[in-house]
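The values are calculated or read from the model by the stated rules, or taken from the named source; none is laboratory data. The structure displayed is predicted, hence computed values, not measured ones. Cβ sites come from the backbone with ideal geometry, for glycine too, and all protein chains shown count toward neighbours.
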């Protein structure tokens, strides 16, 4: 994969390192909920034409390094990704 992505008249690279945690950093992401969350993040990113560079789901927080198209803002991406998480995550 090249360093920059081509578009019609430009080259771009929108890569973000996002970290978020459940409320009060409760340790709720171990076992099956963590695995489901891992899978759902990949699905939501592929739907929105994003490339997951790295993803790490710990028991009390999530790290996501993702490349996005310039048409997708970080807040919209997080809205899609966090839309189907348990209500305790913020």
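Filtered by the rule that a residue be in contact with a strand residue (DSSP E or B) (Cβ under 7 Å, 6 or more places away or on another chain) and in a helix (DSSP H, G or I), the stretch 24-50 gives 34, 37, 38, 41, 42, 45. Under the condition of being modelled with pLDDT under 90 and touching a helix residue (DSSP H, G or I) at 6+ places or on another chain (Cβ under 7 Å), the residues counted in the stretch 53-85 number 4. Got at least one residue in the stretch 51-59 being within 19 Å of residue 26 (Cα to Cα), assigned to a loop (DSSP other than H, G, I, E, B) and free of Cβ contacts under 8 Å to residues at least 60 places away in the same chain? So far as the stretch 51-59 goes, yes, one or more of its residues are within 19 Å of residue 26 (Cα to Cα), assigned to a loop (DSSP other than H, G, I, E, B) and free of Cβ contacts under 8 Å to residues at least 60 places away in the same chain. Candidates in the stretch 28-42 are the residues that are surrounded by 12 or more Cβ atoms within 10 Å (Cβ to Cβ) and without any contact (Cβ under 8 Å) to a residue 40 or more places away in the chain; of these, the one that is nearest to the chain's Cα centre (by Cα) is 42.
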